[in-house]
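K.L.:
Structure below; questions to follow.
All of the numbers you see were taken from the coordinates with simple rules; none came from a lab. Just so it is clear, the model here is predicted, and its values are computed rather than measured. A quick note on method: Cβ atoms are made from the backbone with ideal geometry, for glycine too, and the neighbour counts reach across all protein chains shown.
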Amino acid sequence: MRTWIVVPAGGGGSRFGTAHPKQYADLAGAPMLVRTLERVATLAADGIFVALAPDDVHYDDMVGFRDRVEPLRCGGATRAATVRHALRAIEARCNDDDWVLVHDAARPCVPADALARLVAQLRDDDVGGLLALPLGDTLKRAAAGDDAPRVLRTEDRAGLWLAQTPQMFRYRLLVAAHARDARGECTDDAQAVEALAATGVCARPRLVTGSAQNIKITYREDLDLATAILDLQASS
């Protein structure tokens, strides 16, 4: 049984507001993608695959050769399609029960102890699971059809979690789950596995407590927060 890591990095970052994809934005003196790869490299994985857009022209110059890291120019129109293509590209190397961790390039601050906790808690699981945090804030639903939204109601937050990455699943189940999501509608791997589990093929994904420091960078101002988190982690 081996462990593989897939980092989807084929998006353009349209909400990020820069001319180049956000995974190459500078974060504390290095491209964001480099910071992310540094984090996942702390795991004893057999290989790390970066799933890039087919026309990516930045990786070679901005990231270049890294030990155990292999770029795959197999990106699709959606994150789900990119992961599906990457799983197909590494098929010859994977056994059915191998572990695959999928980690977003836009989460460069995931703490090493959260990564270790995910692997330790899922090691003997038949399916896998994901890092996530129980929802702590009060949750409001907005009324539809109003340019100036007003609260429709307060939702019960009991049992609600905020999904993070990495998400770690057996290779065969992850392939089957993404194969069912042919239109690439699932926003994360756990959602695809949830749909597979609903057919009775497997159990539902497990939730493993993540970290508030494991933020997802969506907008340019998120870089300032990420930089502060990296500084805090380096000093602790």
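K.L.:
Of TRP161, LEU232, PRO149, which is farthest along the charge dipole of the stretch 115-236 in the positive direction, counting Lys and Arg as +1 and Asp and Glu as -1 at C-beta?
P.N.:
The one lying farthest along the dipole's positive direction is TRP161.
K.L.:
Quick one: length gained pulling GLU221 to ASP67 fully straight, 0.36 nm per residue minus the C-alpha distance?
P.N.:
52.3 nm
K.L.:
Given (1) 51, 46, 38; (2) 50, 45, 32; (3) 56, 35, 32, which label gives Cα extents along the principal axes in Å as computed from the coordinates?
P.N.:
Of the listed options (1) 51, 46, 38; (2) 50, 45, 32; (3) 56, 35, 32, (1) comes from this structure.
K.L.:
Which ³J(HN,Hα) values, rounded to whole Hz and listed in residue order, are derived for the stretch 107-118 from phi using the Karplus coefficients 6.51, -1.76 and 1.60 in 6.51 cos²θ - 1.76 cosθ + 1.60 with θ = phi - 60°, glycine and proline given as x?
P.N.:
Taking θ as phi minus 60°, the curve returns 10, x, 10, 4, x, 4, 6, 5, 4, 5, 5, 4 Hz for the stretch 107-118.
K.L.:
On to the next question. In whole Å, largest first, what are the principal axis extents of the Cα atoms in the stretch 90-183?
P.N.:
53, 34, 25
K.L.:
Sticking with this structure for a sec: For VAL6, enumerate residues with amide H under 5 Å from its amide H, sequence gap 5+ or separate chain, H modeled in the peptide plane.
P.N.:
When sequence neighbours closer than 5 places are left aside, the close amide H contacts are PHE49, LEU101, VAL102, HIS103.
K.L.:
What 222 nm value per residue comes from the helices of the chain, counting each DSSP H run with n ≥ 4 as -39,500 (n - 2.57) and dividing by all residues, nearest 500 deg cm²/dmol?
P.N.:
-8500 deg cm²/dmol
K.L.:
Sticking with this structure for a sec: I need the phi-derived Karplus couplings for the stretch 168-177: 6.51 cos²θ - 1.76 cosθ + 1.60, θ = phi - 60°, integer Hz, Gly and Pro marked x.
P.N.:
Along the stretch 168-177, the couplings run 10, 9, 5, 4, 4, 6, 5, 4, 5, 5 Hz.
K.L.:
Counting other Cβ atoms within 10 Å, which trypsin sites (Lys or Arg not before Pro) in the stretch 129-185 have at most 15 and lie in a DSSP loop?
P.N.:
Here the trypsin sites (Lys or Arg not before Pro) that fit, given the DSSP loop and packing criteria, are ARG150, ARG157, ARG183.
K.L.:
Using a 7 Å offset from Cα along Cα-Cβ at ASN95, what residues in the stretch 43-69 end up with backbone N under 19 Å from the label point?
P.N.:
Only 44-48 pass the distance filter.
K.L.:
For the pair ARG150/ALA112, report the inter-label distance in nm, with labels modelled 7 Å from Cα in the Cβ direction.
P.N.:
Label-label distance for ARG150 and ALA112, simple model: 5.3 nm.
K.L.:
Right, here's the next one. Of ALA116, ALA105, ALA80, which is farthest on the positive side of the dipole of the chain, counting Cα position, with +1 on Lys and Arg Cβ, -1 on Asp and Glu Cβ, and the Cα centre as origin?
P.N.:
Ranked along the dipole, the leading option is ALA80.
K.L.:
Another question, then. Please give me, ordered by residue number, the GluC sites (Glu not before Pro) of the stretch 172-231 that lie in loop per DSSP and have at most 14 other Cβ atoms within 10 Å.
P.N.:
GLU185, GLU221
K.L.:
Output wanted: per-residue J couplings in Hz (rounded whole) for the stretch 35-44, from phi through Karplus 6.51 cos²θ - 1.76 cosθ + 1.60, θ = phi - 60°, x for Gly and Pro.
P.N.:
4, 5, 5, 4, 5, 5, 5, 6, 8, 7
K.L.:
Starting from 0.36 nm per residue, how many nanometres of slack lie between LEU232 and ALA19 once their C-alpha separation is accounted for?
P.N.:
Here the segment from LEU232 to ALA19 would lengthen by 73.7 nm.
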